[in-house]
Amino acid sequence: MRFVVTLSLLLPALAIAVVDGPSVKAESTTIPSGVDGSVLSKKKRTKLSLYVTAEETHKILQKRQDIALIDVRTPEETMFVGFPQAAAANIPFKLVDPKYAFSAKKNSYKLLLNSNFVESVRSFLSAQAGGDATTLILMCRSGGRSADAVDALADAGFRIVYSMIDGFEGDKDKSGRRTVNGWKNAGAPWTTRVRGDYWYRTAK
């Protein structure tokens with residue numbers, strides 16, 4: 001199964017491929033993309049300036065085994081909204097406030113930063129022994145959280161991390177519905193049947 005291969009990554013490979021990007025051959029780590037980062041909104045830009053669309057991600061994952069797609073949304077979103085069948089794991093960048101504090105500004109329940117995010121990504125990658133993944137793509141709902149998550153990994157030394165700019169659900173149309181782009185609107189395979197190993201977290 002492709003899932004097994006994509007999930008695999010030795011710790012030495014992580015140190016070389018992700019942290020010390022320049023030492024890896026460019027053709028083995030870059031992803032062909034038509035995204036022009038200069039036209040993206042500020043909230044979707046990242047420190048690494050590596051971007052890809054959901055449609056591009058779906059196509060490239062069918063051809064290459066050196067890429068791991070990480071879902072950084074909350075576990076609640078994956079359960080009720082769905083997630084890509086090709087995604088390797090759900091490592092939330094933010095979590096729903098357990099007290100369900102309400103944000104009037106955003107008209108939603110507040111999200112709190114997952115303090116174990118970077119540690120969980122490192123642990124996840126080092127635990128997947130025997131594979132050849134050298135590139136990460138982070139995906140959220142529509143490209144905002146994934147950009148912040150990329151920046152967090154960049155600050156931790158990661159160098160080959162892409163942000164999926166339209167995420168799983170995509171951007172809103174004029175009526176406020178998410179029908180513009182994104183994984184679901186691209187017709188890429190997804191499911192609401194959460195795998196038991198999908199939510200990856202470090203042991204407490």
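Of all residues being part of a helix (DSSP H, G or I), farther than 19 Å from Gly143 by Cα and polar (S, T, N, Q) in segment 78-126, which is farthest from the chain's Cα centre (by Cα)? Just the residue, please. For segment 78-126, the residue satisfying everything is Ser126.
Of all residues in segment 90-107, none satisfies being open to solvent by less than 40 Å² (accessible area, probe 1.4 Å), modelled with pLDDT of 95 or more, in contact with a Cys (Cβ under 8 Å, 6 or more places away or on another chain) and on the phi > 0 side of the Ramachandran plot. Each residue in segment 160-175 was checked for being within 13 Å of Tyr51 (Cα to Cα) and not β-branched (Val, Ile, Thr), and 5 of them qualify.
Looking at Asp197, is it touching a residue at least 40 places away in the same chain (Cβ under 8 Å) and open to solvent by 70 Å² or more (accessible area, probe 1.4 Å)? Judged against the criteria, Asp197 is a match.
Only a single item in (1) modelled with pLDDT of 95 or more; (2) open to solvent by 80 Å² or more (accessible area, probe 1.4 Å) is not met by Pro84, and it is number (2). Considering (1) under 29 Å from Ser41 (Cβ atoms); (2) assigned to a loop (DSSP other than H, G, I, E, B); (3) of a type in the set (A, V, I, L, M), the lone condition that Val150 does not fulfil carries the number (2). For segment 155-177, the tally of residues that are farther than 14 Å from Ile91 by Cβ and surrounded by fewer than 16 Cβ atoms within 10 Å (Cβ to Cβ) stands at 8.
Please indicate, with yes or no, whether at least one residue in segment 139-150 is modelled with pLDDT of 95 or more and among the polar types (S, T, N, Q).
Here is the first cut: in segment 139-150, the ones modelled with pLDDT of 95 or more are 139-150.
From what is left, the residues that are among the polar types (S, T, N, Q) are 142, 146.
For segment 139-150, residues modelled with pLDDT of 95 or more and among the polar types (S, T, N, Q): present.
Residue check: His58 meets all listed conditions (1) open to solvent by 50 Å² or more (accessible area, probe 1.4 Å); (2) closer than 28 Å to Ile31 by Cα; (3) in a helix (DSSP H, G or I) but one, namely (1). Regarding Phe168, is this residue in contact with a Gly (Cβ under 8 Å, 6 or more places away or on another chain) and in contact (Cβ under 8 Å) with a residue 24 or more places away in the chain? Taking the combined requirement at face value, the residue satisfies it.
Kindly provide the set of residues from segment 26-47 that are buried (at least 17 other Cβ atoms within 10 Å of the Cβ), touching a strand residue (DSSP E or B) at 6+ places or on another chain (Cβ under 6 Å) and modelled with pLDDT of 95 or more, ordered by number. Write out each step before concluding.
Within segment 26-47, the subset buried (at least 17 other Cβ atoms within 10 Å of the Cβ) is 29, 31, 35, 40, 44-46.
Checking the rest, the ones that are also touching a strand residue (DSSP E or B) at 6+ places or on another chain (Cβ under 6 Å) come to 29, 31, 35, 46.
Listed by number, the residues that qualify are Val35, Thr46.
Per the listing Asn185, Asn181, the residue uniquely in contact with a Ser or Thr (Cβ under 9 Å, 6 or more places away or on another chain), part of a loop (DSSP other than H, G, I, E, B) and open to solvent by 50 Å² or more (accessible area, probe 1.4 Å) is Asn185.
The values are calculated or read from the model by the stated rules, or taken from the named source; none is laboratory data. All of these numbers come straight from a predicted model, not from anything done at the bench. Note that we place each Cβ from the backbone using ideal geometry, even for glycine, and neighbour counts take in every protein chain shown. The accessibility values were calculated without ligands, DNA or RNA, using every heavy atom of the protein model including side chains. Shrake-Rupley method; radii C 1.70, N 1.55, O 1.52, S 1.80 Å.
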